Amino acid sequence: MPKPSAANQNPSVPKSDVVYRILKRAILDQAFAAGTKLPEDSIGERLGVSRTIVRQALARLNGEGLVELRPNRGACVSHPSVEDGHNIFVVRRALETLVVDSLIGRLTPPKIEALEAHLDAEDKARVSDPSASIQLAGEFHVLLARLTENAILSRYVTELVSRSSMILSLYGRPHSSDCAVSEHRTLIAALARNDREKARELMGHHIEAITVRALLKSKGEDDLAHLLAAYAKEEGL
């Protein structure tokens with residue numbers, strides 16, 4: 001069987017982008033365990049690209065917190081701590097609340113259509129491809145940030161979503177999406193009617209729910225009451 005080659009992809013797409021997507025998907029699917037070495041030469045040979053292209057892809061993944069670049073020792077898959085996870089979600093909640101504020105009054109019909117089309121893809125993948133569903137759930141938040149047309153905000157949200165996905169893959173429930181499609185739909189509805197307070201409230205609750213799902217495994221038996229309290233709150237108890 002011939003080796004897969006990034007060169008076989010659409011020639012209009014830079015090879016480093018293709019390698020980046022392949023490695024990112026493999027990391028978030030836990031095909032590579034945390035701490036796994038990522039040698040440029042082996043990856044380049046397997047994907048049919050140069051070490052320079054692999055290095056560019058690894059640099060992007062390092063910027064998103066998925067890969068660690070260690071001087072004189074090469075790259076490896078990151079292993080963020082539980083404390084890192086909590087800190088990531090605290091910052092993410094603040095930035096995504098800013099995204100909501102930025103979109104109020106600016107969510108045009110074409111932008112709403114783009115968001116709804118993305119949610120339809122999420123819904124479809126949830127049944128047919130759970131792995132793709134998890135990726136699409138994160139990309140929804142990236143799309144929201146991109147629609148603000150604030151490049152700096154978009155860049156930081158993109159990085160935090162990637163780091164959140166890594167936390168989910170390490171500590172969350174197996175095969176569990178970090179987002180619920182229904183939560184996304186409710187949020188879009190609030191944004192579409194320019195209900196700032198409701199949209200802010202929904203985003204805050206949504207990120208809190210993601211935090212519980214992503215860091216579920218980090219809790220010990222002594223935290224049983226705390227965990228049940230979080231679920232009870234969601235159910236209105």
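The values are calculated or read from the model by the stated rules, or taken from the named source; none is laboratory data. All figures in this text were calculated on a predicted structure; none of them were measured in a lab. Cβ placement follows ideal geometry from the backbone for every residue including glycine, while neighbour counts extend to all protein chains displayed. What goes into the accessible areas is simple: the full protein's heavy atoms, side chains included, and nothing from ligands, DNA or RNA. Shrake-Rupley method; radii C 1.70, N 1.55, O 1.52, S 1.80 Å.
As for the range 134-142, it holds no residue that is out of contact with any Pro (no Cβ under 6 Å at 6 or more places or on another chain), without any contact (Cβ under 8 Å) to a residue 60 or more places away in the chain and more than 20 Å from residue 24 (Cα to Cα).
Inside the range 68-79, residues that are assigned to a loop (DSSP other than H, G, I, E, B), open to solvent by 20 Å² or more (accessible area, probe 1.4 Å) and not charged (D, E, K, R) make up a count of 3. Any chance the range 93-105 includes a residue that's more than 11 Å from the chain's Cα centre (by Cα), more than 30 Å from residue 39 (Cβ to Cβ) and in a loop (DSSP other than H, G, I, E, B)? Yes; the residues of the range 93-105 include at least one that is more than 11 Å from the chain's Cα centre (by Cα), more than 30 Å from residue 39 (Cβ to Cβ) and in a loop (DSSP other than H, G, I, E, B). Contact annotation: residue pairs with Cβ atoms under 7 Å, 6 or more positions apart or on different chains, pairing a residue in the range 162-184 that is at negative phi with a partner that is basic (Lys, Arg) and at pLDDT 85 or above, are 164/92.
From the list 125, 151, which residue is without any contact (Cβ under 8 Å) to a residue 40 or more places away in the chain and surrounded by 16 or more Cβ atoms within 10 Å (Cβ to Cβ)? When all the criteria are applied, what remains is 125.
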